[in-house]
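Undergrad: The structure is given below, and queries will be raised subsequently.
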Amino acid sequence: MQRRMVTTLYRNILKFHREELPSEMRQLGDAYVKSEWQLHRKTNGELLNQFIWKWQDYLNTLQKQSKVTREFGVDLGNEQLSIMTKSQKKQLESLKKEAQSIKKDE
């Protein structure tokens with residue numbers, strides 16, 4: 001049952017990216033989503049529940065933003081940053097650099 005939920009969520013996120021995001025954001029978003037799904041392919045139990053919850057929250061946030069402002073993203077507060085692991089911070093920095101390089105190319 002959970003695996004079906006994960007697959008449906010994955011498809012819904014990629015569908016949203018395809019239909020709503022500008023092409024540069026879509027490319028970055030799709031690559032990140034695919035990478036995360038690949039990394040967590042064998043995850044189960046409570047970690048899988050957290051994975052599903054966080055990605056559903058991501059999709060809900062984008063859906064709300066697309067209806068209101070057509071601007072996407074959320075600023076992370078100090079509290080959120082303080083609980084991130086070194087690996088998560090490194091990944092966030094990598095995403096930031098990638099997004100900034102796309103912005104420069106425009």
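Undergrad: Once you've got the Cα coordinates, tell me which of LYS54/LYS89; LYS67/LYS97; LYS67/LYS90 are over 20 Å apart.
TA: Values: LYS54/LYS89 17 Å; LYS67/LYS97 27 Å; LYS67/LYS90 31 Å.
Exceeds cut-off: LYS67/LYS97; LYS67/LYS90.
Undergrad: Could you work out how far apart the two model spin labels at SER35 and LEU47 are, taking each label as a point 7 Å from the Cα in the direction of the beta carbon, and quote it in nm?
TA: 1.9 nm
Undergrad: Which value does Rg/Rh take for segment 2-74 over its C-alpha atoms, Rh per Kirkwood?
TA: Rg/Rh for segment 2-74 comes to 0.97.
Undergrad: So between SER87 and GLN27, what do we pick up on full extension, going 0.36 nm a residue minus the alpha carbon distance? Mind dumping the intermediate values first?
TA: Numbers: separation 60, 0.36 × 60 = 21.60 nm, distance 2.24 nm.
Using 0.36 nm per residue and subtracting the Cα-Cα distance, I get 19.4 nm.
Bear in mind that the values in this text are calculations on the coordinates, not laboratory data. Quantities reported herein were computed from a predicted structural model and do not represent experimental measurements. Please note: Cβ atoms are built from the backbone with ideal geometry, for glycine as well, and neighbour counts cover all protein chains shown.
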